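As structure tokens, the structure follows; a few thoughts come after it.
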Amino acid sequence: MKKELFGAIIVGGLILKGCAPAPSEERMPVQRLEATHLSGASLPFLSTDASGKVILSYVVDNDSSAALHFTTLADQQWSAPVKVAEDTNWFVNWADFPSVISWGDGKMAAHWLEKNWTGGTNYHVKVSRSQDFGASWNTPVTLHSDTLPREHGFVSLVPFPSGRMFASWLDGRKYPPASEHSGHDLSNEMTLMGGYVAIDGHVEGEELLDERVCDCCQTSSVLSDHGLITFYRDRSDDEVRDIAEVRWTEEGWTAPSLLGEDGWDIMACPVNGPQSDAIDEQVAVVWFTAADENPKVQLSLSGDAGEHPSVPIKVSHKSTVGRADVKLIDKDYVAVSWIEVVEETGILKVAVFTIDGQRLEEWDITEISTERKTGFPQLTSDGKSLIIAWTSDNAVNTAMIALKEL
């Protein structure tokens, strides 16, 4: 049931503010969240823990070193930053960025990338754990068993209530040694791997999920009522690079299956991976494709833990560069962010859909450059608000859209 009330839309117990033109500045639905410590920062990553606490991680990179920090949101204010790690040998990249996640009860995990050879773009994934909400961190471990100088990255971390954590990542162990190759030669094959990080930090159960995938698109893993699901950009023998999923079942990991089958035939990696979210059996996944020279962002929804995803719903309008994110507000509503291109100007947009794919409302958050330096905008929700983060003007910027409970 849906009805209008005082310029807002009441939907399933939420007031989605901004669903009608606001008559005054005070009623504008998008509120910027200022924080001086986000100046000079980049590579934001947003997450929300089981208690509803929103965590924003980011990187401060200078000429001598790079550092990973996180901050939390309370009463529309970002807390003082906490430093997770810092070093001089990190691989800092606009598309392959670090993350910090929390389980609640003080349990946290972080990952970042360290160079593993003096030349090229070869790097390892490092993971660290904290049991006291970031006051101290254990000695970082290498996520993968392959320690040769090759590429490993594009990590997605998923916490379990028990305290251990699942990770999916792209793994270049089938590449020749770094000294024998340069660049992304089409003869090289990237793999998709998965594994678990125990409470004490050691890595176990490493497993091959797909033996040939796109070279540098993000992975995205979620935990549903039926188990783990990992989404990623696949790579066929004919260089079709569409979005695929693998699901964990009682029999083990399923064979890869495609979402939508866009048929995007491209001879290089588009550096534009999928993002996903899950609540119980509801699963949402969003991705970019430019098949048939028609760039668009698509959303697929599932009520059975990804087993039967819906026909893709077009999210974007006339043109887009993708860089999409998705967050289930609850089991009935889902939010999507992406970069639209309007008359050669990038616009960071957010839209809310019903779980059956009906678009309810859409916001223009800000103008944004479509260059790589702006990275991948982030989206999350604490159940009461949508929180958005992006990079521009040599800073991480954040904003909030209120969702008020009745």
Where N is the number of residues in segment 189-287, Cα Rg divided by 2.2 N^0.38 Å | 1.09
Roughly how many Å² of residue 202 are accessible to a 1.4 Å probe, to the nearest 10?
-> 90 Å²
Using a Gaussian network model of the chain with C-alpha springs under 10 Å, which one of 372, 247, 164 is most mobile by mean-square fluctuation?
-> 372
Computed Kirkwood radius, in angstrom, where 1/r is averaged over Cα pairs of the chain = 21.4 Å
Go ahead and set up a Gaussian network model of the chain, Cα springs under 10 Å, then flag whichever of 261, 307, 344 fluctuates most.
-> 344
For residue 373, counting only aspartates and glutamates whose alpha-carbon sits under 18 Å away and dropping same-chain residues fewer than eight positions off, the answer is 61, 63, 96, 325, 340, 344, 393
Between the alpha carbon centres of segment 296-310 and segment 202-249 the gap in Å comes to 15 Å
Rounded, prolate or oblate: which one fits segment 250-385, using the alpha carbon gyration tensor with axes a ≥ b ≥ c (rounded when a/c is under 1.5, else prolate when a/b beats b/c, else oblate)?
-> oblate
Distant-in-sequence amide H partners of residue 218 (H built 1.01 Å from N, under 5 Å) | 272, 273
Solvent exposure of segment 176-289 as accessible area per residue, Å², 1.4 Å probe = 39 Å²
By accessible area (1.4 Å), largest first, 114, 340, 211 order as 211, 114, 340
Can you pull the one-decimal nm distance between simple spin-label points at residue 319 and residue 207, each 7 Å off the Cα toward Cβ?
-> 4.4 nm
To the nearest 10 Å², what's residue 117's accessible area with a 1.4 Å probe?
-> 100 Å²
The rounded separation in angstrom of the Cα centers of segment 75-134 and segment 151-175 is 13 Å
Do any of 296/384; 296/349; 83/107; 327/349 go past 18 Å between their Cα atoms, and which?
-> 296/384
Round to the nearest 10 and report in Å² the accessible area of residue 391, as given by a 1.4 Å probe over the protein chains' heavy atoms.
-> 10 Å²
With r defined as the distance between the Cβ atoms of residue 239 and residue 358 and R0 fixed at 51 Å, what FRET efficiency is calculated, to the nearest 0.05?
-> 0.90
Which of 171, 132, 262 moves most in a GNM of the chain, Cα contacts under 10 Å?
-> 132
Would you work out what percent of the accessible area of segment 228-278, with all protein chains in place, is carbon or sulfur (probe 1.4 Å)?
-> 44 percent
Cα gyration tensor of segment 82-196, axes a ≥ b ≥ c as square roots of the eigenvalues: rounded (a/c below 1.5), prolate (a/b > b/c) or oblate?
-> prolate
Counting only protein heavy atoms and rolling a 1.4 Å probe, one gets per residue an accessible area for segment 22-140 in Å² of 45 Å²
State the percentage of accessible surface on segment 331-389 attributable to carbon and sulfur atoms; use a 1.4 Å probe and exclude ligands, DNA and RNA.
-> 37 percent
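The values are calculated or read from the model by the stated rules, or taken from the named source; none is laboratory data. Source: prediction; values computed, not measured. Glycine also receives a Cβ, built like all others from the backbone with ideal geometry; neighbour counts cover every protein chain displayed. Surface accessibility is based on the protein's heavy atoms, side chains included, excluding ligands, DNA and RNA. Shrake-Rupley method; radii C 1.70, N 1.55, O 1.52, S 1.80 Å.
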